[in-house]
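Please read the structure below before turning to the comments.
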Amino acid sequence: MGRGKIEMKKIENISSRRVTFSKRRSGLFKKAEELSILCDVEIGVIVFSNTDKLYKFASSNSSMEKIMDRYRGFPASSDHTSVQNVAQSLEVNALKDEVARLRQVTGRMMGKELDGLGFKELQQLEHQLTEGILSIKNKKEQVLLELLQKSNMQIEELGKKSSGGSSTVICDYKSVREEISDTSLSLGLSVATSQQKKIPKIECTSNDSGKLMILD
């Protein structure tokens with residue numbers, strides 16, 4: 001009968017562990033010596049026991065000090081280089097995957113690459129687009145209002161500087177409402193949604209008081 005397969009785990013019995021360590025250490029050194037003689041190579045083996053005792057073997061055609069000096073002066077091992085290459089390759093692949101994902105998201109935001117999406121995914125994409133459109137529209141309204149208010153303030157200043165009389169400029173924001181309505185219709189939003197924010201009228205008067213009147 002052949003030998004049974006030994007389970008690779010720590011030997012709990014201390015006496016058995018010491019016997020096994022002694023036998024296998026001797027076998028390891030013997031195999032290293034045979035390899036050194038048969039293949040004419042330099043071999044150094046260092047073993048520390050669990051009691052912190054040092055055991056070492058060096059091939060007969062060299063010494064442990066010589067082997068260690070040679071090892072320290074040797075360039076990075078091929079194994080180390082291989083590990084670095086694998087790590088770099090994994091990082092590059094991860095970046096490529098992220099770029100591909102971002103391109104897919106961008107394409108879907110533009111209405112492309114929608115094949116394979118289910119109803120819930122399409123609904124979620126639609127919700128994201130709607131939120132983005134509303135945010136952009138609100139910012140656009142804010143910018144337009146700021147521009148018109150700035151223009152009316154400049155007109156008021158000119159009115160103050162003019163001599164006599166008063167000049168009144170009414171800004172009813174008609175062009176702004178038309179712009180917002182056209183934008184909402186082109187984006188598929190309801191007119192009610194686009195009119196949720198009430199846009200005031202601004203009356204700029206260049207009389208003695210120089211008041212800026214805002215009319216609902």
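List of remarks:
Each row is one residue, and each column tells you yes or no for (1) among the acidic types (Asp, Glu); (2) open to solvent by 100 Å² or more (accessible area, probe 1.4 Å); (3) assigned to a helix (DSSP H, G or I).
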site: 106; (1), (2), (3): no, no, yes
site: 113; (1), (2), (3): yes, yes, no
site: 117; (1), (2), (3): no, no, no
site: 130; (1), (2), (3): no, no, yes
site: 148; (1), (2), (3): no, no, yes
site: 155; (1), (2), (3): no, no, yes
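- So residue 78, is it modelled with pLDDT under 90 and not aromatic (Phe, Trp, Tyr): yes
- Residues in segment 17-32 that are farther than 16 Å from residue 54 by Cα and open to solvent by less than 90 Å² (accessible area, probe 1.4 Å): 17, 19, 20, 27, 32.
- Annotation note: of 50, 61, the sole residue that is at pLDDT below 90, open to solvent by 90 Å² or more (accessible area, probe 1.4 Å) and of a type outside the set (D, E, K, R) is 50.
- Residues of segment 83-141 that are at pLDDT 85 or above and among the acidic types (Asp, Glu): 91, 97, 98, 121, 126, 131, 141.
The values are calculated or read from the model by the stated rules, or taken from the named source; none is laboratory data. Bear in mind that the values here come from a model prediction, so they are computed numbers and not experimental data. The protein model used for the area step is the full one, side chains on, heavy atoms only, and it has no ligands, DNA or RNA in it. Shrake-Rupley method; radii C 1.70, N 1.55, O 1.52, S 1.80 Å.
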